[in-house]
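No lab work stands behind these numbers, since they all come straight from the coordinates. All values reported here derive from a predicted model rather than from experimental measurement. Here the Cβ positions follow ideal geometry from the backbone for every residue, glycine too, while neighbour counts run over all protein chains shown.
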Amino acid sequence: MYPMICLFLIQLSNSDLVQPIVIAHRGASGYAVEHTEASKGMAHAQGANYLEQDVVMSRDQQFIVSHDITMEETTDVESRYPDRARPDGRFYFADFDWTEIQQLQMHDRTGRGSSDPALPNRFPGSGGQRVLRLTDEISLIQGWNQTTGKDTGLYIELKSPAFHKKEFGLSMGQELLSLLARHGIEGSESRCFIQCFEPDELVELFDRLHCQLPLVQLLGKQVSEEEVMRIARYAKGIGPSLELIAERDSNGTVKSTGLVEFARSARLFVHPYTVRKGVQPRWSKSMDETHKVILEQIKVDGFFTDYPDLGRQAVANAAKANR
């Protein structure tokens, strides 16, 4: 009888008692310019469990915190270095050294020619915010954790590893693991996820580099149960867009697409992206509905949000509703 009770308690602790994690999408990017120190500091103060770091590489192979491999969407590079664009008219981090990148100021995403759904012109100004290196952001978070007693983790996305391998002839994942090790982040107990859209990079991290940190396969399109099982060989979780996990049927009822159930059967956690005020998935009519579906109905293991404070409140509300 005793082993059966223990098994029940373990199962309960893994589902009903462990609350979903709140992941600050590019920081508190609903309140401050994305990936700035202001955005990350606010997200940390609002109680996000993890802060997201999208990373690209500079010409001198520094990890830069940016969602894009190009610069004009979020910095003043066009006015600062007007003659440094490639023939396609874009300004690439890969063409600039860190000393040059430090001269740039961040601003809100312009939305010009971008498929990113972030809303432009939400903030009156950047407040002189500078681009961050990953090593500096890690030091900031570790310092904030020390002074506040929190244990806020890192959630790092490798952006376009194939592009960087072509540019520099290196493994982005290997370089990242070396940097993290210098900060004491390398064991499975470390509060750090690594996510990527490119499966080849995650497979290399798992098979060749023997990465002990949990790997997350990002998904931008629907996948089959068989594909989810293949992902489970190298990853611990999936990060699908909100569009992929639910749908509204002809009767107006919101229901799961089955992707979360596929993941559960493969023992993968699910961390969908991104809860926003201005842009909802097609199956939702409001941010409140989005929160209720993912937390009370589908019961994901965590989620990315532009509003960490509202995310934490939604988790608390869901915990009360699910009692």
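List the residues whose amide H sits under 5 Å from the amide H of L219, counting only those 5 or more places along or on another chain, with H placed 1.01 Å from N in the peptide plane.
Amide H neighbours of L219, under 5 Å, 5+ apart: G239, S241.
Which entry in [x] 61; [y] 66; [z] 52 matches percent of Cα pairs over 25 Å apart derived from the coordinates of this structure?
It is the value labelled [z].
How many angstrom separate the Cα center of the stretch 277-321 from the Cα center of the stretch 228-273?
15
With runs of 4+ DSSP H residues as the only contributors, calculate the mean residue ellipticity of the chain at 222 nm using -39,500 (n - 2.57) per run, divided by the residue total and rounded to the nearest 500. Each step should come with its number before you reach the end.
On the way: 12 runs with 108 residues, N = 323.
Helix-only estimate at 222 nm: -9500 deg cm²/dmol.
What are the radius of gyration and Dmax of the stretch 171-323, computed over its Cα atoms and given in Å?
Considering the stretch 171-323 through its Cα atoms, Rg and Dmax are 16.6, 55 Å.
Using the alpha-carbon centroid of each, what span in Å lies between the stretch 187-204 and the stretch 22-72?
18
Could you derive backbone 3J(HN,Hα) for the stretch 306-316 from the dihedral phi with the Karplus parameters 6.51, -1.76 and 1.60 (θ = phi - 60°), listing whole Hz in sequence and x where the residue is Gly or Pro?
Values, residue by residue: 7, 10, x, 5, 5, x, 4, 5, 5, 4, 5 Hz.
Taking K285 as the anchor, which aspartates and glutamates have their alpha carbon closer than 19 Å to its alpha carbon, excluding any fewer than eight residues away along the same chain?
E243, E247, D249, E296, D306
What is the dipole size for the chain, taken about its Cα centre, with +1 at each Lys and Arg Cβ and -1 at each Asp and Glu Cβ, in debye to the nearest 20? Each step should come with its number before you reach the end.
Numbers: 36 positive and 44 negative charges, 163 e Å.
Once rounded to the nearest 20, the dipole reads 780 debye.
Taking every DSSP beta bridge with both residues inside the chain, roughly what % is antiparallel (nearest 5)?
Working: 9 of 36 bridges.
Counting DSSP beta bridges with both partners in the chain, the antiparallel share is about 25 percent.
Can you list the lysines whose alpha carbon is less than 17 Å from that of K292, not counting same-chain residues fewer than 8 positions off?
Candidates past the 8-residue exclusion: K255, K277, K320.
Which values, in whole Å and largest first, are the semi-axes of the equivalent ellipsoid of the stretch 219-272 obtained as the square root of 5 times each eigenvalue of the Cα gyration tensor? Display every interim value, and only then the final one.
Values: eigenvalues 92, 20, 16 Å².
Computed over the stretch 219-272, the values are 21, 10, 9 Å.
Explain nothing, just compute: Karplus ³J(HN,Hα) = 6.51 cos²θ - 1.76 cosθ + 1.60, θ = phi - 60°, for every residue of the stretch 52-69 in order, whole Hz, x for Gly and Pro.
8, 10, 6, 10, 10, 10, 8, 4, 8, 6, 8, 7, 10, 8, 7, 6, 10, 7
5 Å is the cut-off here: which amide hydrogens, built 1.01 Å from N in the peptide plane, fall below it relative to F269, excluding neighbours closer than 5 in sequence?
Amide H neighbours of F269, under 5 Å, 5+ apart: G237, I238.
Could you go through the stretch 215-230 in sequence order and give the Karplus-derived ³J(HN,Hα) for each residue, using 6.51 cos²θ - 1.76 cosθ + 1.60 with θ = phi - 60°, rounded to whole Hz, and x for Gly and Pro?
9, 10, 8, 6, 10, x, 9, 5, 10, 7, 4, 5, 5, 4, 5, 5
In whole percent, what relative contact order does the chain give with Cα contacts below 8 Å and a gap of six or more residues?
Values: 572 pairs, mean separation 58.7, N = 323.
Relative contact order for the chain comes out at 18 percent.
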